[in-house]
Each structure stands twice: as structure tokens, then as C-alpha cells.
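> Mind looking over this structure? Questions follow.
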Amino acid sequence: MDSSRAARTAVIVGAGIAGLTAATALARGGWQVEIVEISPAEATSGWGLCLTGPSLRALAGLRLADSCLTEGHGMTTVTHVDVTGEPAGRIQLPRLMGARRPAMAGIARPVLHRILHAEAARCGVVVHRGLTVVAVEQTENGRAGSGPSAPVRVRLTDGTVRQAGLVVAADGIGSSTRSLLGLDASVDYHGQMVWRALVPRPPWATGIHQFAGKAGTAGLVPLSGSLAYVFLTENGAEQSFLPNARLAPRLQQLLEPFPGRVEELRHLVAASRSVVRRPVRTTFLEGSWHRGNGVVIGDAAHAPAPQMAGGAALAIEDGLLLAEELGRHESVGEGLEAFTRRRLQRCRTLVETSVTIIGLEQAQRHHDAYALIDACHRQMAEPA
């Protein structure tokens, strides 16, 4: 590989939302991009997510917003219901795509990943499954397209070596590549387990519904014309494993104390064969997000709790803005420094707000949590 070609080559670790969007944005900017992903083909975690206004805005920058809106379910409101089953107010989310477009969209994770994979492939990105990076060697800090050799050498689990001008760690909250780059971030568990169950969408569920409970919160998020997911946040839970056969019965049990429409959701969960349970964990990488020509993005740099539904937005923004800053600066190092400066405070705000909301939920201060969620959505509506 000649030196100029190597210096315009990026190796991305992780084929999740951040990795795929970064790959597409970089490929459109003239980079030769390959992704290494340890998991099997098209593997996804969880059943659905919310594409908030900032998510859709960033996807529009990648020309993918319309595809996601077509295959997802557009929404504008979050309806809160108190512990008695009575309405506790609505949040009207900012419409960042224009007055005639929805403010956000629910979408099934496999559908979103299919859209992102297809666009990355169309842009020439190559994805290698069953591989990841086991060593990173920074050889020099060169300018893109110049210098005697590529600045970074990476060794993969199959023993092969890549020379690249950029390494992107997009391998999630427990990122091993983050450590290989010499960067460190603590991962914090907050005493909550979050449940999701894929169910048929009830006709009344046209937006997000969230129900306050005495021991947790529950809700419903539409994903398409026919599907939705039930969610429940379990407070005071230890991190533990439950076999698949026990998930749906246990979720039904946790939903029992909720009044009103949650009873209907309990019956839908009983028939669901798609239930997942995950710990609520957060992380935030303080200081620089890059070392030499390696950079950390997505959940590897800033994983919020799910209460703000903003993790996907930050990941998509990261991918788009990483390519944008690299395109604006003469050297990779300068571009990565500008990227970190641009992202640091915005991502810290969302992560810290999500942790504050956890505390409010655990203290049964639901109305305070609703107000903070509303305020944070409006703050995140500001340009990235």
C-alpha cells in the first residue's frame, strides 16, 4: 500500500450506530474505510430505539432520514401518566425537520442497522465480521495524504496487520480499543435494569407513553404501523442474569402494580417472544477523546442512560461531525482535536442529565424528571 493511500485509510472498530455512520461519512469524504466487528453478521442488541430530533437532523446530513421515517413510526409527543393512572402532562418535542415532519421516530434496531449497513456498503465500506483489534501502534502523526508511512498500525485477532491514517474506536461502552489507545473511562452502574419487549402496537399508541410507578417506570414506544416495544425500568436491582424463559413472566410481574393501560401491555408482554433485560450503565470520557491518530466515539466515549433516549443521536452526530472536522483541517490530529472540542460539552450535558433523571425517578420525583427531560430535549435541539 503506498503512503498516500494508507494515510487516507480508516479502520473503524465496531459496526454499531456510531461506527456505521462514521464509516459512511468518512467514505463520502474520500476515505477508504473498513470496519472490524467481533459479533456475527447483522447482530443487534435490543429491539427498538427512539430517533430524537437531533438523530433525524444528523441522519438528514447523511441523506438517510427519509428512509428511517418511512420504515419507523413518526411521533411528536411524550405522554406522562402518574402513579394513579391519570394523565400528568405532555411534552411536545421540537420539530427539527420542519413543521410538517415528525419530531422523532421510533424504529426497530434491526431495521435501522439494515439501513445504515446498506448505505455504508453503497459508499464502498467493507465490514469484516468476527474480527477486532488487539494492538494499536502509533508510528507518527502525519498529515493526511503525506508522510513516508501511515501513522497507525493495528493488529487484528486473525494476526493480520492494517496500516491506516485513522483508527476509530466505536466498540461500545465497554470498549477495549479505548484502552488500546491509552484512554480510560469508568463505567458506572446505577441500580437499574431496563426491560424491553417487542409487542403489537395498540391503536391508541401514536406517541410515547410513560407511566410512573411506585417502584419504577414503564412505557410504550411505537416502532412501526404494527409494532411497538414495552419498556420498564426496574429500580434497586442488582446486575444479574435471567434465562430467556423467565424474562416475559418476570416482566409481567413487574408491570402488575401499574394501573390503567399498563394492564393491556401486560397481556401483550405475555405473548411476546422477544424480551431483553439490560443494566443501566453510563460512561463519559473526560479530557481528550483521541491519542495520536486514534479517536473514541459513540458509547465508547459517552454512554448516557436511556431516560433521555439520546444515545443514538450522539452516536450519529459523532459519525457525521468526525468526518466534517477531518475535512476542515489539514492534519488528522488537528481535526480530532477540533472534533473533541466540538462534542465534549454537548455530550457531557446529556450524560449528566440522564444520570440526574435516574436519581429523580428513584426518589419518586417524577414531575421534576419530566421537566428536566423537556428542558434537555430543547437544549439538544440546538445545533450540534
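The values are calculated or read from the model by the stated rules, or taken from the named source; none is laboratory data. Every value quoted in this text rests on a predicted model; they were computed, and no experiment measured them. Every residue, glycine among them, receives a Cβ derived from its backbone with ideal geometry; neighbour counts consider all protein chains shown.
> Please find, among ARG201, ARG100, ARG114, ARG122, the residue that is out of contact with any Gly (no Cβ under 6 Å at 6 or more places or on another chain), under 30 Å from THR76 (Cβ atoms) and loosely packed, with under 14 Cβ neighbours inside 10 Å.
ARG100
> Further, regarding this structure: Could you tell me which residue of the stretch 23-55 is modelled with the lowest pLDDT, considering only residues that are among the aliphatic types (A, V, I, L, M) and under 13 Å from the mean Cα position of the chain (by Cα)?
The qualifying residue modelled with the lowest pLDDT is LEU49.
> Being closer than 25 Å to GLY216 by Cα and crowded, with 24+ Cβ neighbours inside 10 Å is the filter here, so list the residues in the stretch 283-307 that pass it.
Within the stretch 283-307, ASP299, HIS302, ALA303, PRO304, ALA305, GLN307 meet the criteria.
> Then there is this: Quick one: what pairs do we get from the stretch 207-222, first residue closer than 20 Å to ARG365 by Cβ, second among the aromatic types (Phe, Trp, Tyr), C-beta under 8 Å, 6+ apart or different chains?
Filtered contacts from the stretch 207-222: PHE211/PHE258; GLY213/PHE258; THR217/PHE211; ALA218/PHE211; ALA218/PHE231; ALA218/PHE258; GLY219/PHE211; GLY219/PHE231.
> Picking from VAL276, VAL295, VAL230, which residue would you name as being outside any loop (DSSP other than H, G, I, E, B), at pLDDT below 95 and either within 30 Å of GLY319 (Cβ to Cβ) or under 18 Å from the mean Cα position of the chain (by Cα) (or both)?
VAL276
> Residues that are without any contact (Cβ under 8 Å) to a residue 40 or more places away in the chain, among the basic types (Lys, Arg) and within 27 Å of GLY292 (Cα to Cα), at least 1 per element: which helices (runs of 4 or more DSSP H) completely within the stretch 1-119 meet that?
Result: 3-7.
> How many of the residues in the stretch 185-206 are free of Cβ contacts under 8 Å to residues at least 24 places away in the same chain and out of contact with any Pro (no Cβ under 9 Å at 6 or more places or on another chain)?
Of the residues in that region, 1 qualify.
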